[in-house]
1. Pairs of alpha-carbon atoms within less than 8 angstrom and 6+ residues apart define the contacts here; what relative contact order does segment 8-89 have, in percent?
2. Among L35, P57, F72, which residue has its Cα positioned farthest towards the positive end of the charge dipole of segment 3-87, with +1 placed on the Cβ of Lys and Arg, -1 on the Cβ of Asp and Glu, and the dipole taken about the Cα centre?
3. Show me the chymotrypsin sites (Phe, Trp or Tyr not before Pro) within segment 34-68 that DSSP assigns to loop and that have at most 12 other Cβ atoms within 10 Å of their Cβ.
4. Could you work out the helix-only [θ] at 222 nm for the chain, with each DSSP H run of four or more residues adding -39,500 (n - 2.57) and the total divided by the number of residues, to the nearest 500 deg cm²/dmol?
5. As a test of the definition: which semi-axes, in Å, follow for segment 3-87 when you take the square root of five times each eigenvalue of its alpha carbon gyration tensor? Largest first, please.
6. Could you please report the charge total around P32, scoring K, R as +1 and D, E as -1 over all other residues with beta-carbon less than 9 angstrom from its beta-carbon?
7. Using DSSP to call loops (not H, G, I, E or B), can you name the trypsin sites (Lys or Arg not before Pro) in segment 47-89 whose Cβ has at most 15 other Cβ atoms within 10 angstrom?
8. Hey, got the dipole for the chain? About the Cα centre, +1 on K and R Cβ, -1 on D and E Cβ, debye to the nearest 20?
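All of the numbers you see were taken from the coordinates with simple rules; none came from a lab. Source: prediction; values computed, not measured. Virtual Cβ from ideal backbone geometry, glycine too; neighbours counted across all protein chains shown.
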Amino acid sequence: MTLYDFLAGAVTVSFSIVGLFFLRFWRRTTDPLFLTFAFAFWLMAIAQAILALSGLPQEERSWVYLIRLAGFALIIVGIYRKNRSSSHP
């Protein structure tokens, strides 16, 4: 086990924990933005876990970053929807 493996695991666990925090905030407030953030962070955790556990060569990893891109897109859409709904009474 290398330092890279250890840090990749730490990042994966961190993404998962942050997703759980946002899920807890969503349950408390029922604000859909928190649920969106939770799913986005879990997507990032899945992408990081795939990178850490698969042992894919550098050249074949590009498709995994599409999962991370989906997470960021989900965050952008969630923020857009939140701002759009708050501007119209």
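1. Normalised by residue count, the contact order of segment 8-89 is 32 percent.
2. Comparing the listed Cα positions along the dipole, L35 ranks first.
3. Hits after loop and neighbour filter: W63.
4. Calculated from helices alone, the mean residue ellipticity at 222 nm is -29500 deg cm²/dmol.
5. Semi-axes from the Cα gyration tensor: 28, 15, 7 Å.
6. +1
7. Here the sparse-neighbourhood loop sites are R61.
8. My answer is approximately 540 debye.
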